[in-house]
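Right, one structure below, let's go through it.
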Amino acid sequence: MRVILASPEAKVWSERKHIPLGLGYLAATLRQGGHDPFIFDAAIEDVPVEYYIEQAEAEGRPYSLIGITATTPLIGDAWDMAKVAKRYDMITVLGGPHLTIMPRESLEPQHWYVDYVFKGEAEYTFLELVNTIEAGRPVELLPGMHMRGPDGEIISDYSSPMIEDLDSLPFPAHDLFKIDKYTNLQPLTDGLDPHARSFTILTSRGCPYKCTFCSKPVTGDTWRGRSVENVVAEWRWLVKDLGATEIGVTDDIWNLKLPRAKELMRRLIEEGLNTVPWVTVHGMKVNHTDLELFQLMKAAGCKRVGFGVENGDPYMLRNVIRKGQTLDQVRDAFKNAKAANLQTMGFFIFGMPNETEETMEATIQLALELDPDLANFMLAAPFPGTKMYDMIEEGGEIFANEWPDFAIHEQKARFTMNDGIYDPDLVIRKWREAYRRFYLYRPKRVWDKMSKKSFWLDMPNTVDNARRFFLGKNDQSAPSFAPEEPVTSMKGLLERTL
Ligand code: B12
Ligand code: SF4
């Protein structure tokens, strides 16, 4: 069967282009099952999905079914796309993180144009559905599937499949992505190489930790690692056959098992696959690292490591965020990564419940002390399915009332706590202050950066970030890293930013 697998417009993250890897996995299993999938990622396409649907119809080889993926901020775009596909009489299927958390919502009467919804990892179940439809057999509920019954009522299988043996899956259909459109994975590389070919790879799924801001129903608590040899074989395909120039490891926690992580690094080195720079996209867990791991990573071609630091206050870290790591472990990880000559990136969260001026100040102090190459300060967002969401439901009030409001880059408060202490306006002020104090108010850091060639090469992005993050003013939109008009001198930079 001819199938479109689509990711709707990524407005919330419009300039950071990552391949939608989940669709790559679904495409690979469909292909293995004898079907003909096409991947449409609105983030990199110049034409809407209708273009391809009509083209296929004109060629007499129409698409019969569309499968659309969605995170929470993108679910509205997914509905819009399903509605469009219904105009062409296509069968419409939704899956992905938001559907794993709220599967029934998309089958309510107002979404009459959605036929089936899948919860969880759907490689095998989705293939089964496509096989059933192609064979003309009646569709029955599959694990994790939701659909309408004969009287229009929603019928559900509430299980959330998690594939145990990841080695049994085919590699994602990397070759189906228009890879020359995916040119950057992380802020420090934005715009530096317009011809980059950035792939991502997943060496494991799941995470046993229980951070309260994390969408745990999506990740799953059971960690499942691919064998080292299976990962190396995919890495070889990316490097040797598909011309990767940058690779992002997107696992929730690829380093959970330290010996396995080191073994993977040794094998990449032995196989000569250390020629293409790579980064950890989601971040590593600091308490599963040591100096040797970072040294091996460096030797294996790693360029930059990211770490979820989250908060500088021990109480917040342990009791509110429940990160399962100590501040000393954070410090050790940064020290060791820097000793191994890796660039570092820290992720910090502002505005969790219980946050006060002091705890946010502690976070800023920690960021200054760790001094990563890049600090990413994010505003806490209570996504449904997180423990944080429950905490706010119990003792606070959520302001966000539309799914796009949950995008972490929308620079506005999403909730308050009714404890007489939590102050959402203060959160926004401290969050802006964090950016200013980290990036602007340290003359030595500014000078160190300016004396590097990459700073000047990346000047347009620097300006754009400065304008949006540091000054903020009327700009409440998503931070963009896209080059605007090029700025070619320091004078120009100052004129545009100040
Ligand atoms: C890499 C990553 C990113 C990357 C790239 C995203 C991309 N293009 O795929 C970047 C950094 C850009 C990113 C951004 C954001 N992310 Co993110 N990201 C991830 C991460 C770490 C891995 C994604 C991945 O590759 N998974 C592996 C594949 C195999 O899984 P999958 O995509 O879910 O697909 C499987 C199933 O969901 C299902 N499925 C998926 N699609 C479909 C479609 C159909 C038709 C069917 C039947 C099934 C199906 O089958 C697939 C195969 O098993 C996940 C964490 C996680 N464990 O998933 C967070 C995660 C998805 N991100 C999250 C969030 C919050 C965001 C942001 C919203 C943050 C923000 N800015 O506000 C943005 C949204 C961006 C967007 N365009 O949607 C949350 C989602 C929560 C939610 N309620 O939606 C997650 C779950 C993190 C977490 N644990 O909280 N992210
Ligand atoms: S370590 Fe990462 S993936 Fe695991 S629960 Fe915490 S935030 Fe989620």
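Does segment 205-213 include one or more residues that are modelled with pLDDT of 95 or more, closer than 20 Å to Phe118 by Cα and either more than 16 Å from ligand 2 (Cβ to nearest atom) or assigned by TED's automatic domain parsing to the domain that holds Val281 (or both)?
yes
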Residue check, Ala70 hydrophobic (A, V, I, L, M, F, W, C) and touching a helix residue (DSSP H, G or I) at 6+ places or on another chain (Cβ under 6 Å) | yes
Selection within segment 98-138 - free of Cβ contacts under 8 Å to residues at least 60 places away in the same chain and β-branched (Val, Ile, Thr) | Val114, Val117, Thr125, Thr132
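Within 16 Å of ligand 1 (Cβ to nearest atom), farther than 24 Å from Ile4 by Cβ and under 17 Å from the mean Cα position of the chain (by Cα): which single residue out of Phe213, Phe199 fits that description?
Numbers: Phe199 fails: farther than 24 Å from Ile4 by Cβ.
That would be Phe213, the only listed residue that is within 16 Å of ligand 1 (Cβ to nearest atom), farther than 24 Å from Ile4 by Cβ and under 17 Å from the mean Cα position of the chain (by Cα).
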Restricting the first residue to segment 309-331 and requiring it to be within 16 Å of ligand 1 (Cβ to nearest atom), which pairs with a second residue that is assigned to a strand (DSSP E or B) meet a Cβ separation below 6 Å and a spacing of at least six or different chains?
-> Glu310/Ile349; Ile321/Glu310; Lys323/Glu310
Which condition number does Trp235 fail, the rest of (1) within 12 Å of ligand 1 (Cβ to nearest atom); (2) modelled with pLDDT of 95 or more being met?
-> (1)
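Give the residue that is farthest from His18 (Cα to Cα), with candidates limited to residues of segment 211-267 that are part of a helix (DSSP H, G or I) and touching a Lys or Arg at 6+ places or on another chain (Cβ under 7 Å). Break it down stepwise before answering.
We begin by selecting, within segment 211-267, every residue part of a helix (DSSP H, G or I); these are 216-219, 228-241, 258-267.
Cutting the leftovers down to touching a Lys or Arg at 6+ places or on another chain (Cβ under 7 Å) gives us 216, 228, 232.
Values: Lys216: 22, Val228: 23, Val232: 21 Å.
Step by step, filter segment 211-267, then rank; the result is Val228.
Might you let me know whether segment 61-68 holds any residue that is charged (D, E, K, R), crowded, with 16+ Cβ neighbours inside 10 Å and either farther than 26 Å from Asp167 by Cα or at pLDDT below 95 (or both)? Before the answer, list the steps.
Step one: filter segment 61-68 for residues charged (D, E, K, R), giving 61.
The next check asks that each one be crowded, with 16+ Cβ neighbours inside 10 Å; those that pass are none.
The answer is no; no qualifying residue exists.
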Only one residue in Leu129, Leu141, Leu99 is in contact with an Asp or Glu (Cβ under 9 Å, 6 or more places away or on another chain), modelled with pLDDT of 95 or more and within 12 Å of ligand 1 (Cβ to nearest atom), so which one is that?
-> Leu99
Which of the residues belonging to segment 360-373 are in contact (Cβ under 8 Å) with a residue 40 or more places away in the chain and part of a helix (DSSP H, G or I)?
-> Met360, Glu361, Ala362, Thr363, Ile364, Gln365, Leu366, Ala367, Leu368, Leu370
Matching residues, segment 332-349, being under 17 Å from Asp251 (Cβ atoms), crowded, with 21+ Cβ neighbours inside 10 Å and within 16 Å of ligand 1 (Cβ to nearest atom) = Met345
Within the group Ala70, Ala28, Ala85, which residue is aliphatic (A, V, I, L, M) and within 8 Å of ligand 1 (Cβ to nearest atom)?
-> Ala70
Any residue at all in segment 351-359 that is part of a loop (DSSP other than H, G, I, E, B), touching a helix residue (DSSP H, G or I) at 6+ places or on another chain (Cβ under 7 Å) and among the aliphatic types (A, V, I, L, M)?
-> yes
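The values are calculated or read from the model by the stated rules, or taken from the named source; none is laboratory data. Source: prediction; values computed, not measured. Don't worry about glycine lacking a Cβ; one is built from the backbone with ideal geometry, like all the others, and counts go over all protein chains shown.
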